[in-house]
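The values are calculated or read from the model by the stated rules, or taken from the named source; none is laboratory data. Note that the structure is a prediction, hence the values are computed from the model and not measured. Because the Cβ atoms are built from the backbone with ideal geometry, glycine has one as well, and the counts that use them run over all protein chains shown. For accessibility, only protein heavy atoms count, side chains too; no ligands or nucleic acids. Shrake-Rupley method; radii C 1.70, N 1.55, O 1.52, S 1.80 Å.
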Amino acid sequence: MTSEIAKLKEWVDGCDNIVFFGGAGVSTESGIPDFRSVDGLYNQQYKYPPETILSHTFFLSETAEFYRFYRAKMLALDAQPNAAHLKLAEWEREGKCRAVVTQNIDGLHQKAGSKEVLELHGSVLRNYCMRCRKPYPVEKIASGTGIPKCSCGGTIKPDVVLYEEGLDSYTINKSVEYISKADMLIIGGTSLAVYPAAGLIDYYRGNKLVLVNKSPTPADRRADLVIHAPIGEVFSQL
Ligand SMILES: [Zn+2]
C-alpha cells in the first residue's frame, strides 16, 4: 500500500460523513467504455460523432439511428459492480458514506447496494413515453429493434440527459446539499472536465478533498490528497 492510500484509509476510518463524486472512470473498470475517449472507433461505424448522436436534436430528428447507436454502445446490462461500487455501498451501510453523486448512467452503484445515489445524467434503466409518461424497463429498449413505442403510440425516451438538455434541478440541488455538508469529499474517475457537474466541487467546504484518477486533473492543486491510480485498485485496498 502506498503512503497516499494509507492516508486515505486513515481518513476514511475516522469519518462518518463521506460524499463520493464519480465519473466515467468508475464504470470503465466494470468494462463500460467511456465513449468520449474512443471517438475514432465509432466514426467507422456511424456517420456522426457520439456527441451528435447523443443530442436532443438528433434524438428527435433521427430517432432510429439514435437507437441503433444507443443499443450497441450505451447499454451494458451484463456489467457488474467493481471494488469501488462495492466499497461505497459498504460504507453507506456502515453509516460512513452519505451519498454517491455520479455522472454515470449504468445503475451500477444501486446494483452494488447503494441507496442514496444522485444520478446527474440520469439512468439507462429508466425510460418513459414522451406522450403519456408511462415508464418502461430497460429490457423494453434492449430487446426490441427500431424505435421503441408505447402502447399509446408515443415514442419511448431513455431518462438520460442528452447533449443540449439541462440537468435535473432536484438532483443538482440535493448533490450541492450533500457536498456542502460533507466532512470528506472523494472525487473518483473523472477528469473534472464536464460542466456544470464539475462545478459541484466548488461547494465543498471541508479540508479532506481527495482526488483519485488515473491521470492528473485541473483540480489536483486544490486537493488535500491526490492519488493517480485506477479507482477500483485504490478502493480494493481500503
Ligand atoms: Zn404512452
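Data for the structure
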{"read-out": "Protection-proxy order for peptides 114-121, 185-192, 8-15, each taking the mean of Cβ atoms within 10 Å per residue, highest first", "value": "185-192, 114-121, 8-15"}
{"read-out": "Solvent exposure, largest accessible area first (probe 1.4 Å, DNA, RNA and ligands not counted), of His56, His228", "value": "His228, His56"}
{"read-out": "Whether region 1-115 is rounded, prolate or oblate, judged on the alpha carbon gyration tensor where a/c under 1.5 counts as rounded", "value": "prolate"}
{"read-out": "Shape metrics for region 60-171, restricted to C-alpha atoms - Rg then Dmax, Å", "value": "15.4, 47"}
{"read-out": "Net charge contributed by nearby residues that have their C-beta within less than 13 Å of Val226 (K/R +1, D/E -1)", "value": "+2"}
{"read-out": "More than 28 Å apart - percent of Cα-Cα pairs taken over the chain", "value": "33"}
{"read-out": "Length gained when the stretch Ser143-Thr155 is fully extended (0.36 nm per residue, less Cα-Cα span)", "value": "2.8 nm"}
{"read-out": "Normalised contact order of region 135-238, rounded percent, pairs of Cα under 8 Å and 6 or more residues apart", "value": "18"}
{"read-out": "Expected-Rg normalisation [2.2 N^0.38 Å, Cα atoms] applied to region 104-238", "value": "1.26"}
{"read-out": "Relative contact order (%) - criterion: Cα under 8 Å, at least six apart; region: the chain", "value": "24"}
{"read-out": "Mean Cβ count within 10 Å, highest first, over the residues of peptides 64-71, 25-32, 82-89", "value": "82-89, 25-32, 64-71"}
{"read-out": "Per residue solvent-accessible surface (Å²) - region 121-238, probe of 1.4 Å", "value": "50"}
{"read-out": "Whole-Hz ³J(HN,Hα) from phi, Karplus 6.51 cos²θ - 1.76 cosθ + 1.60, for region 61-74, glycine and proline x", "value": "8, 10, 4, 5, 5, 3, 5, 4, 5, 4, 5, 6, 10, 9"}
